[in-house]
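*Asks:* Let me give you the structure first, and then I'll get to my questions.
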Amino acid sequence: RTTLQRMWCAGEIVTGLENSIPVILVATESFQEIDSEFVDRLSDVWTPEQVSRLDDSGVRLDDIRWAYSKLATMEKLRFVRRAPVAEHRAAIRCILDIVRPGKGSAGKTRSVAALKPPLPPVVLCGTIEDGEVVMALRILQQMVPRIIEAETGLMWEVAVAHTAQDILDACEVLVVLLSNELLSDFELACAIARQLDGSAEVVTLLPESGFAFPAPDFVASVFAGDVVFLRKNEKTPFSDLLVSNEQLGNGFFKLFSILALPFSPKASASKIRIEVREVSRRIKKLLQSDVKPGEALPRLNGVVPRPPTGPIVRLPTAWPT
């Protein structure tokens, strides 16, 4: 976030570009895009003493503006700090292949765009503010693909490189780890609702810490728009999607109508393996099913509620960095 605001980093970037030294722009989640407003405000970033020191080194503000404007046109290599180690290694290999063509593992130079992760058919999600939920999803991400022979991805990681609509279109099975924070997480609830309203089937998991299922009239309250969510100032990849009360209610209805499988991330290794096998079996069955995902809405007492479409809700424009 602050790299481009450091005076000596600015000087090194100018020196590199002026001397035609290859530059690779590696951007983490907190990176703020370089725009004309940022470039124009550079004179307010440093004190007069710092500007004078840069000038003594042969670097002027106009040089920095030129260099940053050039950076803004470069292709960025995304480096997600919370991504799996395998993705970190892939990013490093990509950098090496760019700076040392022909010496990489494949013997060919790869572009930054080649590192863009594929859209997985299985997406794992849960409240990322809960450490136990994150740990559980990481375990599933490592173990499930070996059994189902298909890629899996964490929702907040996949969203770094792909648009919300791409994720919705590609997701076949949505795995949701239930937690008590889920009912107050507006962004996650709306993301789940949109995916279940589309083409995704769902597998729900019940952690050993338990989950307080809402009262029977909770879904009816969602349909009526009477549920107040604790909105958070976080960034969501689904900020441009519209979610109606009907979609939100149907999402919760489907989520809580399915028998949740137990998952104990803090249990013994043997118990975790047994539970992961059962979770994987259900995921694989849904992936191989002849019924189109999302075709049949789970029924409660044989009735599927079809209330009129409620008011439209626009999601907040923030996602955790």
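The values are calculated or read from the model by the stated rules, or taken from the named source; none is laboratory data. Please read these numbers as outputs of a predicted model, since none were measured by experiment. Positions of Cβ are backbone-derived with ideal geometry, glycine not excepted, and every protein chain shown enters the neighbour counts. Please note that ligands, DNA and RNA were not included when accessible areas were found on the heavy atoms of the full protein model with its side chains. Shrake-Rupley method; radii C 1.70, N 1.55, O 1.52, S 1.80 Å.
*Asks:* Being in a helix (DSSP H, G or I), buried (at least 17 other Cβ atoms within 10 Å of the Cβ) and modelled with pLDDT under 85 is true for just one of Val144, Val158, Val133. Which residue is that?
*Replies:* Val158
*Asks:* What pairs come up if the first residue lies in the stretch 19-30 and is within 17 Å of Trp66 (Cα to Cα) and in contact (Cβ under 8 Å) with a residue 40 or more places away in the chain, the second is open to solvent by less than 50 Å² (accessible area, probe 1.4 Å) and assigned to a loop (DSSP other than H, G, I, E, B), and their beta carbons are under 9 Å apart, counting only those six or more places apart or on different chains?
*Replies:* Final answer for the pair search is Val23/Met74; Ile24/Met74; Leu25/Phe31; Leu25/Met74.
*Asks:* What are the residues in the stretch 213-222 that are part of a helix (DSSP H, G or I) and either buried (at least 22 other Cβ atoms within 10 Å of the Cβ) or touching a Phe, Trp or Tyr at 6+ places or on another chain (Cβ under 8 Å) (or both), if any?
*Replies:* Phe218, Val219, Val222
*Asks:* Being under 30 Å from Val26 (Cα atoms), of a type in the set (Asp, Glu) and modelled with pLDDT of 80 or more narrows it down to one of Glu172, Glu181, Glu151, so name that one.
*Replies:* Answer to the selection: Glu151.
*Asks:* Continuing with this model, one more query. Which of the residues belonging to the stretch 162-183 are open to solvent by 20 Å² or more (accessible area, probe 1.4 Å) and either among the small types (Gly, Ala, Ser) or part of a loop (DSSP other than H, G, I, E, B) (or both)?
*Replies:* His162, Thr163, Ala170, Glu172
*Asks:* Within the stretch 287-298, identify whether any single residue is in a loop (DSSP other than H, G, I, E, B), under 23 Å from Glu132 (Cβ atoms), at pLDDT 50 or above and open to solvent by 20 Å² or more (accessible area, probe 1.4 Å), and answer yes or no.
*Replies:* Within the stretch 287-298, none of the residues are in a loop (DSSP other than H, G, I, E, B), under 23 Å from Glu132 (Cβ atoms), at pLDDT 50 or above and open to solvent by 20 Å² or more (accessible area, probe 1.4 Å).
*Asks:* On the basis of being open to solvent by 20 Å² or more (accessible area, probe 1.4 Å), in contact with a helix residue (DSSP H, G or I) (Cβ under 8 Å, 6 or more places away or on another chain), under 26 Å from Glu149 (Cα atoms) and modelled with pLDDT of 80 or more, does Lys266 make the cut?
*Replies:* Yes; evaluated as a whole, the condition is true for this residue.
*Asks:* What residue, among those in the stretch 184-212 that are open to solvent by 40 Å² or more (accessible area, probe 1.4 Å) and modelled with pLDDT of 80 or more, is farthest from Thr163 (Cα to Cα)?
*Replies:* Here the residue is Ala212.
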